[in-house]
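Trainee: This is the structure I have questions about; it appears just below.
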Amino acid sequence: MSIDMKTIGIVGAGQMGTGIAQLFATKGFKVLIFDIDRNICERARMNVSKALQKLLEKKRLNEQQVEMALSSISIVDNIDAMAHSDLVIEAVSESQILKKEIFQKLDKVVRSDVIIASNTSSISITSLASSTGRPDKVIGMHFMNPAPIMSGVEIIKGLLTGENTVNVISGLVARLDKTAIISNDRPGFIVNRILFPMLNEAMFALYEGVSTREEIDNGMKICCNHPIGPLALADMIGLDTVLAILDTLYSGFRDTKYRPCPLLKEYVDAGWLGKKSGRGFFEY
Ligand SMILES: NC(=O)c1ccc[n+]([C@@H]2O[C@H](COP(=O)([O-])OP(=O)(O)OC[C@H]3O[C@@H](n4cnc5c(N)ncnc54)[C@H](O)[C@@H]3O)[C@@H](O)[C@H]2O)c1
């Protein structure tokens, strides 16, 4: 059974919420976006507007498409307004406590047939589902950054996620012209379980004085053909998010191989969060 999805609710208008809003808006959906502060949503809409303007200049979209996409994004001031959504995607900060609170609220607000998805990078979908009365309709929908550009979306099945929910979300991913990668619910799923130990190792290499930040990143770009170096990628993701993901892997597997590099902790303590704060392993 599937519902006709027209309106997508997004909770959290940071880096990922903004990209996800842009993606759905350009694919003909209506988007409702909510964050703790209306200014954050205004900034998200402004960033979408800038990104669409660039696509217009590159002739990837025409003026009418840009106008339609922008006008389809509505900012809401209360999470209760998510009641008008046919699907909600949660994209708040990477904290299990926070996400569980949001799932509890959404469960009370949205129709009983509505799927609630999380964009979490590492947190257990089964645990988020347990804060709701609809665990069969809770799923991981892990967009990559930047969401409008990256072509893969990881779909995570919690222990109780229904087969119909997986089919509906896989169909939606195809409608977005993206490819679904299906994973069971283990810390970090597929992509981040493999990617994050590499990012962490690059940080340890810097911490232990193996080489400079530039040489480490160039090593992986030039010798391994990676499009971006691991330290620059960590900056792009956000060092607070990187630390939260490594902590989830470390506590989830109880394995010291995932222990976050102390340098990363130090940077986050200093407020060096990467690109979004203007300073991380590099300056922006
Ligand atoms: N950054 C990445 O590269 C990336 C990639 C894939 C998935 N993710 C995941 O996406 C999620 C969001 O990451 P991000 O990079 O956008 O982080 P971010 O820090 O840019 O944005 C998080 C947003 O959540 C909002 N928020 C916090 N508490 C809230 C609440 N109670 N109600 C509503 N909004 C609230 C914050 O105000 C902020 O705007 C995380 O789960 C992260 O792991 C991130």
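Trainee: Largest first and in whole Å, give the semi-axes of the chain's equivalent ellipsoid, each being the square root of 5 times a Cα gyration tensor eigenvalue.
Mentor: Semi-axis lengths for the chain are 31, 23, 17 Å.
Trainee: A further question follows. Express the carbon and sulfur contribution to the solvent-accessible surface of the chain as a percent, rounded to the nearest whole number, probe 1.4 angstrom.
Mentor: The nonpolar share, carbon plus sulfur, comes to 53 percent.
Trainee: Which peptide among 57-63, 192-198, 219-225 comes first, and what is the full order, when sorted by highest mean count of other Cβ atoms within 10 Å?
Mentor: The packing order, highest mean first, is 192-198, 219-225, 57-63.
Trainee: Could you give the length gained by full extension between residue 247 and residue 42, i.e. 0.36 nm per residue of separation minus their alpha carbon distance, to one decimal place?
Mentor: Result for the pair: 70.7 nm of gain on full extension.
Trainee: Further, regarding this structure: Distance in nm between label sites at residue 3 and residue 98, each 7 Å beyond Cα in the beta-carbon direction?
Mentor: Placing both labels 7 Å beyond Cα along the Cβ direction yields 2.6 nm.
Trainee: A further question on this structure: Do the alpha carbons of any pairs in 178/275; 6/105; 27/265; 59/178; 59/137; 50/108 sit beyond 28 Å of each other, and which pairs?
Mentor: Long pairs (Cα-Cα over 28 Å): 27/265; 59/137; 50/108.
Trainee: On to the next question. Translational D (Stokes-Einstein, µm²/s) of the range 192-275 at 25 °C and 0.890 mPa s when Rh comes from the Kirkwood sum over C-alpha pairs?
Mentor: 191
Trainee: Accessible area per residue of the range 192-275 at 1.4 Å probe, in Å²?
Mentor: Accessible surface, normalised per residue, equals 52 Å².
Trainee: What net charge is computed for the residues neighbouring residue 108, neighbours being all others with C-beta under 12 Å from the C-beta of residue 108, Lys and Arg scored +1, Asp and Glu -1?
Mentor: Neighbour charge sum, excluding residue 108 itself: 0.
Trainee: How long is the gain from residue 151 to residue 201 if the chain were fully straight, where each residue apart is worth 0.36 nm and the alpha carbon distance is subtracted?
Mentor: This chain segment gains 15.4 nm when fully extended.
Trainee: How much accessible area per residue does the range 28-140 have, counting only protein heavy atoms and a probe of 1.4 Å, in square angstrom?
Mentor: Result: 49 Å² of accessible area for each residue.
Trainee: Residue farthest toward the positive end of the dipole of the chain, with Cβ of Lys/Arg at +1 and Asp/Glu at -1: which of 8, 132, 158?
Mentor: With unit charges placed on the Cβ atoms, the residue in question is 8.
Trainee: Shifting gears a bit: How big is the Rg/Rh ratio for the range 4-118, C-alpha atoms only, Rh by Kirkwood, two decimals?
Mentor: 0.98
Trainee: Between residue 159 and residue 81, what is the label-point separation in nm under the 7 Å Cα-to-beta-carbon projection?
Mentor: Label-label distance for residue 81 and residue 159, simple model: 3.7 nm.
Trainee: Same structure again: Give me the number: length gained by fully extending residue 266 to residue 67, i.e. 0.36 nm times residue separation minus the C-alpha to C-alpha distance, one decimal in nm.
Mentor: Extending this stretch completely gives an extra 67.3 nm.
Trainee: At a Förster radius of 35 Å, what calculated FRET efficiency corresponds to the Cβ-Cβ distance of residue 167 and residue 212, to the nearest 0.05?
Mentor: 0.10
Trainee: Run through all the Cα pairs of the range 105-260 and give the fraction in each 10 Å bin from 0, expressed as whole percent.
Mentor: Bins of 10 Å from zero give 11, 34, 33, 16, 6, 0 percent of pairs.
Trainee: Taking every DSSP beta bridge that has both residues in the range 7-184, what percent is antiparallel when rounded to the nearest 5?
Mentor: 15
The values are calculated or read from the model by the stated rules, or taken from the named source; none is laboratory data. The model shown is predicted, which means the values in this text are computed figures rather than measured ones. Note: ideal-geometry Cβ built from the backbone for every residue, glycine included; neighbour counts use all protein chains shown. Note: areas computed on protein heavy atoms with side chains; ligands, DNA, RNA excluded. Shrake-Rupley method; radii C 1.70, N 1.55, O 1.52, S 1.80 Å.
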